[in-house]
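Here's the structure, in structure tokens; my notes come after.
Any read-out appearing in this document is the output of simple, stated calculations on the displayed coordinates, not a laboratory observation. Please read these numbers as outputs of a predicted model, since none were measured by experiment. Cβ atoms come from the backbone with ideal geometry, glycine included; neighbour counts cover every protein chain shown.
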Amino acid sequence: MTQYLLSVLHDETVTPPAEVTERMYAQVGTFNEEVKAAGSWVFAGGLHPSSTATVVRAVDGEVVTTDGPYAEAKEVIGGFWIIEAADLDAALAWARKGTLACGAPVEVRPFQD
């Protein structure tokens, strides 16, 4: 089975009402249990805002550390799942359920072998 990264794309400029957030957390919890029960679960996690990021990069042989996100973008990765699926179609089926659960776009990418 191939492992896939399901990235949840999050717009940090939008703060949904508390009842929407509570419903989303409940739906994601149900989705997580379904993925686990199917034996496709590897790992998942939510991330702190991109403002908490630190970027470390090599520039002309020197290592530079910068606070904040690498790219200025409206949507950033807010969380993710790593799953195992038989093929891309199976991973996309999980992503469809995941996007319904969290109410945000989900990008699907296979890991390299």
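Things to note:
- For first residues located in segment 85-110 and more than 23 Å from PRO16 (Cβ to Cβ), partners that are surrounded by 14 or more Cβ atoms within 10 Å (Cβ to Cβ) and charged (D, E, K, R) and lie 6+ apart or on another chain with Cβ distances below 8 Å do not occur.
- Among (1) more than 18 Å from the chain's Cα centre (by Cα); (2) free of Cβ contacts under 8 Å to residues at least 40 places away in the same chain - the single one VAL20 does not satisfy: (2)
- Scanning segment 46-79 for residues that are among the basic types (Lys, Arg) and within 17 Å of the chain's Cα centre (by Cα) yields a single hit, LYS74.
- From VAL55, VAL28, residue being in contact (Cβ under 8 Å) with a residue 60 or more places away in the chain and either in contact with a strand residue (DSSP E or B) (Cβ under 9 Å, 6 or more places away or on another chain) or of a type in the set (Phe, Trp, Tyr) (or both): VAL28
- Residues that are in contact with a strand residue (DSSP E or B) (Cβ under 8 Å, 6 or more places away or on another chain) and surrounded by fewer than 15 Cβ atoms within 10 Å (Cβ to Cβ) within segment 3-22 comprise ASP11, GLU12, listed in sequence order.
- Residue in segment 49-67 that is under 18 Å from THR21 (Cα atoms) and not hydroxyl-bearing (Ser, Thr, Tyr) present: yes
- Flag set for GLU12, criterion: among the charged types (D, E, K, R) and either in contact with a Cys (Cβ under 8 Å, 6 or more places away or on another chain) or over 28 Å from ASP113 (Cβ atoms) (or both).
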